[in-house]
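Here is the structure we will look at, set down as structure tokens.
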Amino acid sequence: MSELPKPYRRFGEQYAEIYQAYESLGETIAKVSCLEQKTRELIKLGMAAASKSESAVQSHTHRALEAGATAQEVEHAILLGITTLGFPTTMAALTWAKEAIEDHLED
């Protein structure tokens, strides 16, 4: 998997017990989910775009691609938000995702 964002890694180092509990919660939710991993990552990508988090958009772009999503699916998961999030927010998220797609293709 792609490298996790530096702040997230730092959090894990500083607060190992909380980090592990947080990771465990995510794993449990994924395990009981009726959604496939690719679908889950595309949904999380949309949520990251809505929260205007560059690192989360890039992280979930990498994760979606690793789960089998195409670049086009990643872009359209973000474009779906244009009428809800607004044009500027959507364009920012699309820019971050395209950067992550390029990085992913280089690896």
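The values are calculated or read from the model by the stated rules, or taken from the named source; none is laboratory data. This one's a predicted model, so the numbers in the text were calculated from it and none came from an experiment. Counting neighbours? That spans all protein chains shown, and the Cβs are built from the backbone with ideal geometry, glycine included.
Only one residue in 59, 55 is modelled with pLDDT under 95, of a type in the set (Gly, Ala, Ser) and surrounded by 20 or more Cβ atoms within 10 Å (Cβ to Cβ). Which one?
Within the list 59, 55, the selection yields 59.
Among the listed residues 19, 15, 8, which satisfies the condition of being aromatic (Phe, Trp, Tyr), touching a residue at least 40 places away in the same chain (Cβ under 8 Å) and out of contact with any Leu (no Cβ under 9 Å at 6 or more places or on another chain)?
8 is the lone residue from the list that is aromatic (Phe, Trp, Tyr), touching a residue at least 40 places away in the same chain (Cβ under 8 Å) and out of contact with any Leu (no Cβ under 9 Å at 6 or more places or on another chain).
Would you point out the residue of region 57-94, among those that are in contact (Cβ under 8 Å) with a residue 40 or more places away in the chain and of a type in the set (Gly, Ala, Ser), that is nearest to residue 5 (Cα to Cα)?
If we take residues in region 57-94 being in contact (Cβ under 8 Å) with a residue 40 or more places away in the chain and of a type in the set (Gly, Ala, Ser), then 59 is nearest to residue 5 (Cα to Cα).
Each row is one residue, and each column tells you yes or no for (1) out of contact with any His (no Cβ under 6 Å at 6 or more places or on another chain); (2) within 21 Å of residue 78 (Cβ to Cβ); (3) not polar (S, T, N, Q).
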position	(1), (2), (3)
7	yes, no, yes
13	yes, no, yes
20	yes, no, no
23	yes, no, yes
28	yes, no, no
31	yes, no, yes
38	yes, yes, yes
42	yes, yes, yes
49	yes, yes, yes
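Could you please give the count of residues in region 70-86 that are part of a loop (DSSP other than H, G, I, E, B) and either β-branched (Val, Ile, Thr) or closer than 11 Å to residue 97 by Cα (or both)?
1
I'd like the full set of residues that are small (Gly, Ala, Ser) and either outside any helix (DSSP H, G or I) or in contact with a helix residue (DSSP H, G or I) (Cβ under 9 Å, 6 or more places away or on another chain) (or both), limited to region 9-23.
12
Please go through region 24-51 and give me each residue that is part of a helix (DSSP H, G or I) and hydroxyl-bearing (Ser, Thr, Tyr), ordered by number. Break it down into steps so the answer makes sense when it comes.
Taking region 24-51 first, the residues part of a helix (DSSP H, G or I) are 24-32, 37-50.
The answer is 24, 28, 39.
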